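One structure is given here, and the rest of the page talks about it.
Each value in this text was obtained by applying a stated rule to the coordinates, not by laboratory testing. Everything numeric here is computed off the predicted structure, so don't read it as measured data. Every residue, glycine among them, receives a Cβ derived from its backbone with ideal geometry; neighbour counts consider all protein chains shown.
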Amino acid sequence: MSKQRTFRSEAIVLRRKDFGEADRMLTLYSREFGKIQALAKGARKPQTRKTGHVELFMRTNFLFARGRNIDIITQAELVEAYPALREDLVRATYASYAVELLDGMTAEGDHDLRKYELLSKALGWLEKTDDVRLAARFYELRLLSLAGFQPQLFHCVSCKEPIEEQDQFFSADRGGLLCPGCWKADSRALSLSAAAVKVLRYLQTRSWETVSVLHLRGTLHAELEGVMHHYLR
């Protein structure tokens, strides 16, 4: 990051907390600088121009001034508000999960433009899709890949033999699928249906435009959510 007294960046609000009497401390993932913290002075005052531009999930152009201990937000210009993420409780819940996941998987100073673009796109998907659960699974797999933790879905993580599209076992500790001959190597491995294996592979290797047309039954959604949350814990 340059050492100019002011700098600009587009950023998405990951987290916020009240600070002092009227300020708000923000955790942002920015396009140019990655994950940063900044103080929005007076953001809790109803008449301030920053109000409404520093809310969760919002994509905003910020002007920052360097402070001695923390950078200060001096201007905020809204780029994308994603209104449906605030009007619909289910969408809001999944959007909160998306920003919390990126927050939890990155340290301050982490800078990866691909992560910024993924989160920006994911918020758009969650705003428009009829299947927020599918969008969440797609986002999880893409973010894991960018973070270097992509689960192995095509070869057994123990014997390295190719995995067939049949009932298998998933090992969170070993980072992927275990074949029927190796599953006892991990007592915590979860059984995984052939359909779930197929969908996870599809989500991992296809674009959102391709996978967004899928229609999954509720039991399959529950199975996919269970295995992904097991892996992400």
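Of note:
- Helical runs assigned H by DSSP (4 residues or longer) give the chain a calculated mean residue ellipticity at 222 nm of -11000 deg cm²/dmol, each run adding -39500 (n - 2.57) before division by the residue total.
- Loop GluC sites (Glu not before Pro), the stretch 57-136, which have at most 10 other Cβ atoms in a 10 Å radius of their Cβ (DSSP): GLU108
- Among the lysines of the chain, pairs at least eight places apart or on separate chains and with Cα atoms under 17 Å apart come to 8.
- Restricting the stretch 56-117 to trypsin sites (Lys or Arg not before Pro) that sit in a DSSP loop and have at most 15 other Cβ atoms within 10 Å of their own Cβ leaves ARG66, ARG68.
- GluC sites (Glu not before Pro) lying in DSSP loop within the stretch 1-36, provided at most 13 other Cβ fall within 10 Å: GLU21
- Among beta bridges that DSSP assigns inside the chain, antiparallel share in %, nearest 5: 90
- Counting every alpha-carbon pair across the chain, the share separated by more than 26 Å comes to 44%.
- Largest first, the three principal axis extents of the alpha carbons in the stretch 6-83 are 34, 30, 18 Å in whole numbers.
- Which of PHE62, LEU39, PRO83, positive extreme of dipole for the stretch 6-83 (C-beta unit charges): LEU39
- Rounded to 10°, Cα long-axis angle of helix 218-232 versus longest principal axis of the chain: 70
- Against the chain, whose longest principal axis is taken from its Cα atoms, helix 194-205 shows a tilt of about 40°.
- Seen against the Cα atoms of the chain and their longest principal axis, helix 132-146 is set at about 90 degrees.
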